[in-house]
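Okay, structure first, notes after.
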There are 2 protein chains.
Amino acid sequence: MTAPLLVGIDVGGTKIAGVAVDAVTNALRAEHRQPIDDAPLELQVAGLVRRLIDGAGEERPAAIGIAVPGLVDAGTGVMRLAVNVEVGELAIGPLVEAAIGAPCFVEHDARAAALWLIDQRGAQDSLAYLSVGTGISAAVVIDGRLVRGVNGLAGEIGHTRAVADGPLCSCGLRGCLEMVAAGPAVARRAADAIARGEATSLAAGAGPEQIFRAAAEGDPLATAIADEVGAHLARAVRTIVLLYGVDRVVIGGGMSRAGAPFLEPILAELKREMAASPLIAHAMAPTPVELLPNDADPGAWGAVVVARSRGGDGRAAPKGEVADG
Amino acid sequence: MTAPLLVGIDVGGTKIAGVAVDAVTNALRAEHRQPIDDAPLELQVAGLVRRLIDGAGEERPAAIGIAVPGLVDAGTGVMRLAVNVEVGELAIGPLVEAAIGAPCFVEHDARAAALWLIDQRGAQDSLAYLSVGTGISAAVVIDGRLVRGVNGLAGEIGHTRAVADGPLCSCGLRGCLEMVAAGPAVARRAADAIARGEATSLAAGAGPEQIFRAAAEGDPLATAIADEVGAHLARAVRTIVLLYGVDRVVIGGGMSRAGAPFLEPILAELKREMAASPLIAHAMAPTPVELLPNDADPGAWGAVVVARSRGGDGRAAPKGEVADG
């Protein structure tokens with residue numbers, strides 16, 4: 001008899017990715033990714049789970065984890081407000097659980113990623129995952145425990161204040177970090193400068209990827225934008241480290257795929273702060289700030305960690321173990 | 001035989017306060033406060049502990065808690081950088097433990113206060129205590145666990161950025177929250193305006209207490225200052241609630257003794273943010289923001305909670321219980 005199987009599913013804006021792993025060795029036994037189509041999301045997820053179980057040659061997984069965007073109620077398995085996947089309120093956890101006949105646990109995608117990172121490092125450690133893409137949010141693990149917040153919104157640093165004024169944020173406030181450092185803000189900042197006739201090699205409509213590439217090549221406008229974004233994100237890292245006292249900050253999300261031209265201005269600003277302030281130097285000393293590797297799939301693997309760690313919440317096995325399902 | 005005794009000591013800038021309580025019923029059995037003098041701090045604390053034990057008619061306490069300012073290593077009982085009590089690095093925990101012959105546990109004073117608040121409410125709850133005085137810092141409990149941070153600095157919101165520029169902070173950075181919303185900043189802001197000849201009833205050298213009292217009486221300069229400080233602190237509360245997801249924020253510290261004229265501008269700004277932003281309204285909905293009562297002595301009572309909860313860390317009794325010492 002083989003070891004029990006864990007399935008991790010990552011629901012993104014355009015695709016669903018999944019892995020099936022050996023619950024004991026964590027060895028990969030099946031993986032698949034498919035574009036999102038028009039079928040109800042829970043049917044697409046259940047279909048992918050079945051495909052992964054078949055691929056692994058099993059009947060049923062011990063537990064399933066699902067990482068989703070939006071506001072997630074991890075207790076009930078309900079997702080809400082996930083505008084990028086165009087579902088309203090959906091009890092995806094209970095629906096997939098009923099379809100497959102195995103315990104199913106749902107988590108916010110950034111939090112699943114943080115759980116995966118902490119799982120790789122050491123289960124009692126602390127860590128912040130800062131996701132910078134269309135929006136900006138953080139997921140934080142303290143002493144091995146995910147911080148969800150009573151309001152379900154812990155880590156929403158994108159809506160703390162970065163500047164005194166600025167364009168109106170989709171949240172209703174002005175000056176939010178997202179409005180000066182997330183993808184759309186970066187693109188808008190470039191478009192405005194191009195419209196004003198500033199000297200640049202950037203074409204109208206350049207996105208973050210082009211802008212950071214141009215910064216790496218010395219384009220003056222792109223360099224100025226990368227430096228501004230880096231300074232704002234460095235202050236966000238400072239806020240995270242001062243408030244949570246984590247000793248590792250990993251940055252992921254769409255913008256982070258720009259790599260070094262994105263990361264270096266953040267590190268340069270943090271270095272300036274540490275040189276100016278013994279307090280910040282003390283706070284940041286044990287805290288490397290690094291990018292998620294480009295080829296990492298933290299959502300699906302994070303969902304596996306969710307399935308493993310929560311598979312025992314009164315249903316299957318004690319925390320940290322997995323039931324023989 | 002009476003129930004075991006717990007002693008809680010609060011070391012402040014000018015005085016040391018202590019209580020001795022019944023470990024089972026929490027009933028007060030002795031209390032005393034004395035000014036700080038020139039003797040070594042550990043001798044003053046040990047003397048106060050003996051006085052409290054004598055007052056309670058016991059030989060020895062089951063455990064002692066000590067709340068101190070500065071950077072605290074709760075594991076070793078060492079305090080550092082507590083400029084207001086003029087000690088360098090002091091192993092106050094081991095020294096008092098040796099002098100009294102009972103387990104002694106040390107905690108940062110704001111964190112002790114947060115533990116006391118959470119103890120009164122429900123041991124698995126979440127809460128932030130925001131101390132606004134000479135400096136600004138937060139102490140946070142999440143799901144009944146104090147957040148200390150790997151760097152020992154978790155909650156140092158006073159050194160997050162509040163404004164783009166501003167006077168140089170003692171930490172070495174510019175624009176820190178402390179430099180626009182803590183006591184010295186409030187007094188300096190008034191002094192600058194008075195020197196410029198702005199219309200006000202405030203005398204030169206007015207401190208925060210006079211300024212908030214004048215604001216309550218309609219003084220235009222004092223009102224403007226109270227509103228500015230309130231807006232900065234409201235954004236600090238927003239940051240705390242968005243990052244930690246706590247569902248209660250209690251504000252204490254020297255500035256908070258000004259009462260309603262201090263609190264009302266904070267609440268007014270939060271109300272504006274909640275009206276403008278459904279996200280902030282959702283995040284803040286379960287979160288009352290309130291002042292610590294003026295007559296509360298959270299340091300000494302918090303130290304009792306520290307003694308009770310940590311008295312069992314491998315030395316006396318399981319967590320949450322107290323050894324019969």
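Read-outs throughout are calculated quantities, based only on the coordinates presented, and are distinct from any laboratory measurement. All values reported here derive from a predicted model rather than from experimental measurement. Neighbour counts run over all protein chains shown; Cβ positions are idealised from the backbone, glycine included.
Could you tell me the relative contact order of segment B:122-291? Use alpha-carbon pairs under 8 Å, at least six residues apart, and round to a whole percent. Contact order relative to length: 22 percent. Secondary structure note: in segment B:122-291, about 60% of the DSSP beta bridges are antiparallel. What percent antiparallel are the DSSP beta bridges of chain A, to the nearest 5? Beta bridges within chain A, antiparallel portion: roughly 65 percent. Counting only DSSP beta bridges with both residues in the protein assembly as shown, the antiparallel share comes to about 65 percent. Take each residue in B:169-181, count the other chain C-beta atoms within 10 Å of its C-beta, and the mean is 3.
Temperature 25 °C, viscosity 0.890 mPa s: under these conditions the Stokes-Einstein estimate for the protein assembly as shown, based on its Kirkwood radius over C-alpha pairs, is 92 µm² per second. Once you reduce segment A:101-149 and segment B:241-307 to the center of their Cα atoms, the two points are 27 Å from each other. Sorted from closest to farthest, the other copies place their B:Asp143 label points 1.1 nm away, with each point set 7 Å from Cα along Cα→Cβ. Note on segment A:26-173: Cα Rg divided by 2.2 N^0.38 Å, N the number of residues, gives 1.16.
Distances between copies of A:Pro293, taken at a point 7 Å out from Cα along the Cα→Cβ vector and listed shortest first: 5.7 nm. Among the GluC sites (Glu not before Pro) in segment A:134-239, those placed in a DSSP loop whose Cβ has at most 16 other Cβ atoms within 10 Å are A:Glu198, A:Glu217. With the simple model of a label 7 Å out from the Cα in the direction of the Cβ, B:Ala224 to B:Glu59 spans 6.8 nm.
Each 5 Å bin, from zero up to the one with the longest distance, holds this percent of the alpha carbon pairs of segment B:122-291: 2, 9, 17, 20, 19, 16, 9, 5, 2, 1, 0.
What are the semi-axes of the equivalent ellipsoid for segment B:97-169, taken as the square roots of 5 times the Cα gyration tensor eigenvalues, largest first, in whole Å?
Equivalent ellipsoid semi-axes, largest first: 27, 17, 11 Å.
For B:Ala74, no residue 5 or more places off, or on another chain, has a built amide H under 5 Å of its own. Based on DSSP H segments of at least four residues, each scored -39500 (n - 2.57), chain B has a per-residue ellipticity at 222 nm of -12000 deg cm²/dmol. Counting every other Cβ atom within 10 Å of each residue's Cβ, A:Ser201, A:Ser277 order from fewest to most as A:Ser201, A:Ser277. Shown for A:Ala224: label points 7 Å from Cα along the beta-carbon vector, and their distances to the equivalent points in the other copies, 3.3 nm in ascending order.
Using a Förster radius of 25 Å, what is the FRET efficiency between B:Glu217 and B:Asp295 based on their Cβ-Cβ separation? Nearest 0.05, please. Please list the in-between numbers first.
Working: r = 24 Å, r/R0 = 0.96.
Efficiency at R0 = 25 Å is approximately 0.55.
Rg and Dmax of chain A, both derived from C-alpha coordinates alone, stand at 20.6, 69 Å. Report the residue of chain B with the smallest Cβ-to-axis distance, using the rotation axis that brings B onto A, in whole Å. Smallest Cβ distance to the axis, with its residue: B:Leu243, 3. Mean sequence separation of contacting Cα pairs (under 8 Å, at least six apart), scaled by the length of segment A:1-99, corresponds to a relative contact order of 27 percent. The label-point distance for B:Leu168 and B:Arg51, in a model that sets each label 7 Å from Cα toward Cβ, rounds to 4.2 nm. By the rule of a C-alpha distance below 15 Å, with chain neighbours fewer than 8 residues away ignored, the aspartates and glutamates paired with B:Lys15 are B:Glu31, B:Asp37, B:Asp38, B:Glu42, B:Glu86, B:Asp109, B:Asp297.
Assuming charge only on the beta carbon of Lys and Arg (+1) and of Asp and Glu (-1), the dipole of segment A:177-325 about its Cα centre is about 340 debye to the nearest 20. Only helices reaching 27 angstrom along their own axis (Cα) with mean Kyte-Doolittle hydropathy no lower than 0.5 count here, and for the DSSP H runs of chain B these are B:220-244.
Here, segment A:1-62 is characterised by an Rg to Rh ratio of 0.99, where Rg is the alpha-carbon radius of gyration and Rh the Kirkwood radius. If you take the Cα centroid of segment A:154-224 and the Cα centroid of segment A:1-68, the two points sit 37 Å apart.
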